[in-house]
1. How many nm separate the modelled label positions at residue 380 and residue 350, each set 7 Å beyond the Cα in the direction of the Cβ?
2. Starting from the alpha-carbon convex hull of the chain, give the projected area averaged over all orientations, in nm².
3. Only residues of the stretch 216-243 count here: report those whose backbone N is under 16 Å from the spot 7 Å along Cα→Cβ of residue 320, or say none.
4. May I ask you to compute the full-extension gain from residue 276 to residue 260, defined as 0.36 nm times their residue separation minus their alpha-carbon distance, rounded to one decimal in nm?
5. Between residue 239 and residue 92, 0.36 nm times their residue separation minus their Cα-Cα distance comes to what?
6. Using the Cα atoms of the stretch 332-392 to build a convex hull, what is its mean projected area in square nanometres?
7. If you average the C-alpha positions of the stretch 72-105 and of the stretch 296-346 separately, how far apart do those two centres end up, in angstrom?
8. Could you work out the relative contact order of the stretch 272-394, using alpha carbon pairs under 8 angstrom and six or more residues apart, expressed as a whole percent?
Amino acid sequence: MGAGLTGKRCSGLPLTLIPTLRFGTAFGWPYIPGAVFFAEVIIMWAKIKVFDFGTIYDGQKAHLYKVERKNISFCVTDYGCSITSLKVRNKDSSFTDVVLGFETLDGYASNWGCFGAVIGRFANRINGASFKNNNVTYKLTENVEGACLHGGFPAWSNLIWSGKKVVKKNASGICFTRDFADGEQGFPGNLHVEVEYLINDDNQLTMTYRAHTDKITPLSITNHSYFNLRGKEQVHDYVLKLDSDNIVTFSGKGALIPVSGTEYDFTKERPLCDNSEGAVKPGFMSYDVCYVSNAYDKDCGIPLAGKPVVKIAELTDPVCGRKMTVSSNQEGFQLYTAKYVNHVAGKDGRWYVPYQAVCIETQSFPDSPNQPDFPPVMLKPGQQYEARTVYEFN
């Protein structure tokens, strides 16, 4: 019930800052405790609504934002910058929600899977839950198998962020900000972070993470959305193509390992669960591995301002025909097929089970602060971190 949530007091989008207000009940929405009103901004090409989403253990209020365009919409809460729904128009003009999630704040506070949430200060694992920089050892939270996973405690996914609407000519969304103190989670440096989610009329969801620091610190930010392109059922038959020739290993000495001839080879499109005659490992489905993207730069492991995005993945549901193309300027991405999601109560009365979603989490290489052969991931004062990932739906 929200145990372990902590953080500074950050307000959501103040309703007084919204220029046009219309009050009413949240008709047509699933039950949301406390959602007794909404503020609505009517723009010629977009609509943004703000709802109460409940209160966390220390009295901070959470909000739910709904951003709508003609063919795509999403909902996101300032609790962990968590995307709670992402609806894409079908051929028959209906919509399908293509991400897993929950209908209430308690669903996000009481589940461990980081559903739709922002991850930081360092995505994936740091072995030994520690790293050294300039002869100083920094101790982090050991929260999984002798390592620090997804930044440790307090998790970014369990904090209230400050949100504001973003309306541009061809895109609209929400930008969240938060300041992290020197020593928070065990990491050095005061860190200012912006998390921006935008949708446009090309059916694209763009996630941009910006940050700057006053002290050298490792940084790798991602989003942990679980995608199901038909909105239900498992994903064994989904077809995947990856623009990647290598995966990352980081147990002991880190290395980049060619995928050719292994079950991790998706350089040619094939089913996630491949039972074909020529399959290397028929029926294998248990993916939880970091791939190397074509944004890889041996001299710099973090995306700085101005670094362009490259295509990294195409995921297709052969039943409904929907395809998701993923592009990013991050050097790596984790392919995860939700094998640990075991009978979790989700939206619309559904129970989520293993292999019911695909995560493609763009990030720097795991354990990079401890791996001298990996590109450096230390953000320095004066540098602008700017990671960008685009999910496009056809």
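1. 4.7
2. On the way: hull surface 75.1 nm².
Averaged projected hull area, Cα only: 18.8 nm².
3. 226-239
4. On the way: separation 16, 0.36 × 16 = 5.76 nm, distance 1.69 nm.
So the extension gain works out to 4.1 nm.
5. Working: separation 147, 0.36 × 147 = 52.92 nm, distance 2.29 nm.
So the extension gain works out to 50.6 nm.
6. On the way: hull surface 27.1 nm².
Mean projected area of the Cα convex hull: 6.8 nm².
7. 18
8. Working: 240 pairs, mean separation 37.1, N = 123.
Once normalised by length, the contact order is 30 percent.
The values are calculated or read from the model by the stated rules, or taken from the named source; none is laboratory data. Note that the structure is a prediction, hence the values are computed from the model and not measured. Cβ sites come from the backbone with ideal geometry, for glycine too, and all protein chains shown count toward neighbours. Protein only, heavy atoms only, side chains kept; ligands, DNA and RNA dropped before computing areas. Shrake-Rupley method; radii C 1.70, N 1.55, O 1.52, S 1.80 Å.
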